[in-house]
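Inspection log for the structure reproduced underneath, given as structure tokens.
The values are calculated or read from the model by the stated rules, or taken from the named source; none is laboratory data. From a predicted model like this one, the values you see are computed outputs, not experimental measurements. Cβ placement follows ideal geometry from the backbone for every residue including glycine, while neighbour counts extend to all protein chains displayed.
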Amino acid sequence: MPLSHTNDFKKEIVSCLTRSVSTYFIKLYQHHVDLHCKIAHQPIMEQKIALITGASRGLGAALTEAIATTHHVIAVARTTGALEDLDDRIQEKGGKITLAPMDITKKEAMAHLCKSLFERWGMIDLWAHTAIHASPLTPADSLDAKDWEKSIAVNVTATGNLISYVAPLLRDSSNVIFFEDSQSGKKFFSAYGATKAAQIALAKSWQAENTRFGPKIKIVSPAAMPTATRARFYPGEDKTILKSPKSEAERILSCIVQ
């Protein structure tokens, strides 16, 4: 069957897939092909768009403030009050931001958000995923069931879902940033260490799959910062020796965003 026509191409791919995958994944694939075809015919926009998940505090908030000088930012976080404070700071500097007070573990909400982004802008230029659940330090043989389940839901499952939803919105030149925190295997970092390692493993697989054409997927290791996550792990630490989230956000973006 000739593949030059978009509809014929989709039918051919779906026909092949029916022999090996479930109906659910066929529909998901059809959705992604549709989005890619539509995005390919969108005009290139002058305004750049950035999606920050986990934007309300710490490095996520700092990245949002830093990138809002050059991009319109969609800021996703659960904490409405912190998002509104972030909005005030960005508006004062003349930046542009859209607030999305949402829980990334809500699959339907994330799917709706990405659909809305496509309908409004067609594509995005940057996605930075800073959202994380930092469960309390505890021995591996004393894991709290609720903390373990939440760690998996936020750090692993939500990340996997977001990758599949955000991917159709990215073009080859788009940047994606994940943040490594090498705590896996260390004592008492059981739930956090294991699920953060799983998140980065997902990111590395996606990175390897896109080395040839893009999008450009980056995995960075930020310097230690006085964030709520770090305070939970190192409560008595001297904060004066730590880097500020603002300076780290600026450093990271200077290396990635041209």
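Could you check residue 100 against (1) touching a Lys or Arg at 6+ places or on another chain (Cβ under 9 Å); (2) crowded, with 18+ Cβ neighbours inside 10 Å and say which number it fails?
The single condition residue 100 does not satisfy is (1).
Suppose the filter is at pLDDT below 70, buried (at least 18 other Cβ atoms within 10 Å of the Cβ) and aliphatic (A, V, I, L, M); does residue 35 pass it?
yes
For a quick check of your reading: which strands (runs of 3 or more DSSP E) sit entirely within region 59-154 and have at least 2 residues that are over 14 Å from the mean Cα position of the chain (by Cα) and in the same structural domain as residue 190 (by TED's automatic domain parsing)?
71-77, 96-101
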